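A short worksheet on the structure shown next.
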Amino acid sequence: MKAFLPTGDPTEPVVLADVPEPIPRPHEALVKVEAFSVNRGETFKLERPAPGDRPGKDIAGLVVQPAADGSGPSGVTRVVGHPMGGGWAEYVAVPTDALAELPDGVSMVHGAALPLAGLTALRLLRAAGPVLGRRILLTGASGGVGHFVTELAAAAGAQVTAVTRNAERGARLAELGADEVVHDVTDAQGTYDVVLESTGGQALPLALARLARRGTLIWFGQASRTPATLDFFGFFDGPESAVIRHFHYLDAGTRLDDDLAALVRLTAAGRLHPEIGRVTDWAGTAATLTDLRDRRVRGKAVLTLS
């Protein structure tokens with residue numbers, strides 16, 4: 001079968017090659033991939049690929065071989081999946097606890113856009129606790145996670161201020177429920193009960209300074225790729241009894257099927273709208289990865305297999 005393999009070359013980060021078809025383990029289903037999405041964090045890992053690394057975590061397709069242990073979907077079933085690798089290929093073996101059925105009303109393209117960004121947003125908001133009536137400051141909001149967080153938080157009754165690089169990248173966030181869209185953390189007015197910070201660098205201490213008393217800052221990304229420096233004494237001069245927490249989307253456990261199903265259900269009901277900035281044939285994967293890394297794609301990028 002054909003699959004994309006990393007090259008370590010930033011100008012052409014992946015190459016399409018012939019590889020053996022995966023042999024599923026008893027708890028895995030074999031999925032024929034029809035669409036996959038790529039994430040900006042994956043572009044960074046491609047710069048120094050580990051030997052034998054097979055990228056690809058977000059897929060949608062058809063189960064062509066159910067799991068031997070009887071778990072998960074049976075028969076030929078439309079699914080969305082989140083394998084830990086190998087998804088940029090014609091076929092991928094996916095643990096059944098990382099699969100959810102995809103109804104006919106949700107396209108393969110929209111399904112492929114859901115897993116990593118959607119799971120991160122859903123679990124990030126759970127980590128933040130009840131958000132009804134609370135003020136949330138969200139940095140790096142123009143990516144896939146930011147759009148999902150904005151829509152989910154606004155629907156839950158939060159007052160969301162989204163930070164994006166420019167008006168073009170933030171245009172959709174107001175439609176998804178953001179009360180305010182600003183283009184620099186310094187433009188965010190007032191204090192916030194929750195700060196969701198994903199850029200690092202200079203933005204993190206600036207965002208922390210806008211945290212309310214007993215507020216929580218959750219650090220879930222490093223999009224700027226610049227280390228953040230915090231002044232310990234400055235922190236104590238700021239929000240009293242505040243909390244800084246690191247977050248990873250697998251903190252809540254590696255079983256993902258229920259949360260994937262929730263994302264699919266919200267999408268099917270028209271309550272969640274994946275923001276997709278690019279859809280193209282998988283022949284354009286290398287160029288799309290480069291554009292995503294260089295911030296030329298807003299929201300999600302999805303590749304389809306012919």
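The values are calculated or read from the model by the stated rules, or taken from the named source; none is laboratory data. None of these values were measured; they are calculated from a predicted model. Cβ coordinates were reconstructed from backbone atoms using ideal geometry, including for glycine residues, and neighbour counts include every protein chain displayed.
Put simply, of Leu138, Leu62 the only residue that is surrounded by fewer than 21 Cβ atoms within 10 Å (Cβ to Cβ) and modelled with pLDDT of 95 or more is Leu62. Close Cβ contacts (under 6 Å, 6 or more residues apart or on different chains) running from residues in region 169-187 that are in contact (Cβ under 8 Å) with a residue 24 or more places away in the chain and over 24 Å from Gly201 (Cα atoms) to residues that are among the small types (Gly, Ala, Ser) and surrounded by fewer than 21 Cβ atoms within 10 Å (Cβ to Cβ) comprise Gly177/Ala154.
Taking region 199-220 as the region of interest, how many residues are small (Gly, Ala, Ser) and under 12 Å from Ala188 (Cα atoms)? Summing the residues that are small (Gly, Ala, Ser) and under 12 Å from Ala188 (Cα atoms) in region 199-220 gives 3. Residues in region 91-127 that are of a type in the set (Gly, Ala, Ser) and surrounded by 22 or more Cβ atoms within 10 Å (Cβ to Cβ): Ala98, Ala100, Gly111, Ala112, Ala113, Ala117, Gly118, Ala121. For Arg213, indicate whether it is basic (Lys, Arg), under 29 Å from Arg134 (Cβ atoms) and either touching a residue at least 12 places away in the same chain (Cβ under 8 Å) or not in a helix (DSSP H, G or I) (or both). It is true that Arg213 is basic (Lys, Arg), under 29 Å from Arg134 (Cβ atoms) and either touching a residue at least 12 places away in the same chain (Cβ under 8 Å) or not in a helix (DSSP H, G or I) (or both). Based on this model, can you work out whether Ala67 counts as part of a loop (DSSP other than H, G, I, E, B), of a type in the set (Gly, Ala, Ser) and closer than 18 Å to Arg255 by Cα? Yes: the conditions hold for Ala67.
Looking across region 248-306 at every residue that is polar (S, T, N, Q) and outside any loop (DSSP other than H, G, I, E, B), the one that is nearest to Leu124 (Cα to Cα) is identified as Thr267. One residue stands out among those in region 1-35 that are of a type in the set (Lys, Arg) and in contact with a Leu (Cβ under 8 Å, 6 or more places away or on another chain): the one that is surrounded by the fewest Cβ atoms within 10 Å (Cβ to Cβ), which is Lys2. Filtering region 181-213 to residues that are on the phi > 0 side of the Ramachandran plot, touching a strand residue (DSSP E or B) at 6+ places or on another chain (Cβ under 8 Å) and surrounded by fewer than 16 Cβ atoms within 10 Å (Cβ to Cβ) leaves only Gly190.
Here is a yes/no grid of residues against (1) touching a residue at least 60 places away in the same chain (Cβ under 8 Å); (2) within 21 Å of the chain's Cα centre (by Cα):
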residue: Lys2; (1), (2): yes, no
residue: Thr7; (1), (2): no, no
residue: Pro22; (1), (2): yes, no
residue: Pro26; (1), (2): no, no
residue: Lys32; (1), (2): no, no
residue: Gly41; (1), (2): yes, yes
residue: Pro49; (1), (2): no, yes
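Please find, within region 73-90, the residue that is nearest to Gly56 (Cα to Cα) out of those that are in contact (Cβ under 8 Å) with a residue 40 or more places away in the chain and surrounded by fewer than 23 Cβ atoms within 10 Å (Cβ to Cβ). Here the residue is Gly86.
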